Amino acid sequence: MILYGNSALCANGELCIGGWRASDLKEQFGTPLYVYDEDYIRTSIQSYHNAFAATGVDYALAYACKAFCTVAMCQLAREENAWLDVVSGGELHTALQAGVDPAFVYMHGNNKSPDELLYAIKAGIGMVVIDNFYEIELLAELLEQENATMDVLLRVSPGVDVHTHEFIATGRQDSKFGFDLYSGHVDLAIDRLAAFPRIQLLGVHSHIGSQIFDADGFRVAASRLASLAAHLGRRYGVWFRILNLGGGMGVRYTSDDSPIPVNRLVEGIVQAAAASFQEYGIPLPKLMMEPGRSIVAQAGTTLYTVGSRKEMPGVRTYVAVDGGMTDNPRLALYGAKYEACIANRANDPDVETVSIAGKCCESGDMLIWDVSLPKPVPGDILAVSCTGAYNYSMASNYNRVAKPAVVFVRGSEARLVVERETAADVCRLDRSLSGLTFTSRG
Ligand SMILES: *Cc1c(COP(=O)(O)O)cnc(C)c1O
């Protein structure tokens, strides 16, 4: 298992995260448990700041909350000077609960509801990223009603499609997000926006994919957006003030993954954007990026307790833990790969290959296929690394399993930032068969 940040093996061969032994975390907080190395999250955000600062361009960094959205995480991201990119009323509410300045929050989404847009307007968030024609009309109407104004970016789909370390630069992209660059929709959207003085267009946004390992796809996107900027400048006299190139930077789930370091990635993206805008003779707008996964994934480790075992000689050995697809659905959803260790004796030699199963009534409820480990026995602590992104945020209550707690470790302190759900929490909104009856109007 790759050890990130302040994770290390202590003298007794046990996995330690910051100043905490895995066994102490288990004793204090129980399992399954999401453990975050707080300083490592901070360092990850700082590495983007340092990379941008080194290029000397005007920039702003945002954290894509959907990767891991809790009150404490929103506070931490703002402390590290990242904007918050939210994609729903729930994420916006979390950010507001965190007490952050709404001017540094912006909202994405391909189908923002009237209620969500109204919430955003009333909260006074910094920007809305407009995704489609319906939203232009809806936003304009709500702004009129609220006697308010809103800064916006236009989400453009630049025809660059990234699948991990490969990308396809097609003329057309089949995507539910944004205005297509090649069908004249962007021009139509700008024509329409011109009718609504309450909406102020600050620039464009594009997001090309996720788990991206190098700058190539971003280079193509930047050059297409520079061309768009030149076209719109000539045609409408509008000059972008912001160019947001989205998120999607990759992480190392396993030793097979090798994303380039953040400083080289950012340098490559900035150079490409600067060169493209220079080619068209237009000033480079303020650059924005909105990483999610690469801020939190490697900082997170999930601890489980080992339980049952099913051995089929010549076929497979299943080792089951006290969590599974309810706390990490990524293998079930995407075939994602993870690494693991037996945290309470991480130095013991690997003696067998097993597959780690969850406890749900679903054959697809697996965490890892084929991992080499010391023989796991009931009561051992299984640590799965790189679970900080899209695990807690995608967790469910399938089988009425309660969601684990979340702990931030910093040095000798471990802070409980999300409490463990109880069975009572899971039932909280249920009403009995005779409860809450409504009769139709007939
Ligand atoms: C998901 C998403 C992000 C974050 O992607 P990561 O892969 O987590 O960095 C950023 N922007 C948009 C529009 C997204 O949909």
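The values are calculated or read from the model by the stated rules, or taken from the named source; none is laboratory data. Every value quoted in this text rests on a predicted model; they were computed, and no experiment measured them. Note: ideal-geometry Cβ built from the backbone for every residue, glycine included; neighbour counts use all protein chains shown. The accessibility values were calculated without ligands, DNA or RNA, using every heavy atom of the protein model including side chains. Shrake-Rupley method; radii C 1.70, N 1.55, O 1.52, S 1.80 Å.
Brief remarks follow.
- Expressed as a whole percent, the accessible area of the chain that falls on carbon and sulfur atoms is 49 (1.4 Å probe).
- Note on region 333-394 and region 39-76: Cα centroid distance 29 Å, given to the nearest whole angstrom.
- Against the chain, whose longest principal axis is taken from its Cα atoms, helix 133-146 shows a tilt of about 80°.
- Pairwise FRET efficiency - ASP191 versus ASP115, Cβ, R0 = 30 Å, nearest 0.05: 0.60
- Rounded, prolate or oblate (a/c below 1.5 giving rounded, otherwise prolate when a/b exceeds b/c) for region 323-442 by Cα gyration tensor: prolate
- Accessible area ranking (1.4 Å probe, heavy atoms, ligands and nucleic acids excluded), largest first, for GLU362, GLU91: GLU362, GLU91.
- Ranking TRP20, TYR48, VAL186 by how far each Cα lies toward the positive end of the dipole of the chain (charges on Cβ) leaves VAL186 at the top.
- Annotation note: GluC sites (Glu not before Pro) in region 379-442 located in DSSP loop regions with a Cβ neighbour count of at most 13 within 10 Å are GLU419.
- Taking 18 Å as the limit for the C-alpha separation, the pairs LYS26/LYS310; LYS66/LYS359; LYS359/LYS403 exceed it in the case of LYS26/LYS310; LYS66/LYS359.
- Here's how it looks for ILE212: its modeled amide H is under 5 Å from those of MET249, GLY250, which are all 5 or more places away or on a different chain.
- In region 26-132, one over the average inverse separation of all distinct C-alpha pairs is 15.0 Å, which is the Kirkwood hydrodynamic radius.
- Couplings 3J(HN,Hα) of region 283-300, computed from phi: x, 6, x, 4, 8, 10, 9, 9, x, x, 3, 6, 7, 10, 4, 6, 7, x Hz, in residue order, whole Hz [Karplus 6.51 cos²θ - 1.76 cosθ + 1.60, θ = phi - 60°; x for Gly and Pro].
- Here, the chain has an Rg and a Dmax of 23.6, 73 Å when only alpha carbons are counted.
- Working from the Cα coordinates of region 38-296, the gyration tensor eigenvalues give, after taking √(5λ), semi-axes of 26, 24, 16 Å in decreasing order.
- Helix 114-123 axis versus longest C-alpha principal axis of the chain: approximately 80°, rounded to the nearest ten.
- The convex hull around the C-alpha trace of region 74-147, projected and averaged over every direction, spans 4.4 square nanometres.
- Surrounding net charge for ASP85, when Lys and Arg each add one and Asp and Glu each subtract one, Cβ distance under 11 Å: -1
- Sum of -39500 (n - 2.57) over DSSP H runs of 4+, divided by residues of the chain (222 nm, nearest 500): -9000 deg cm²/dmol
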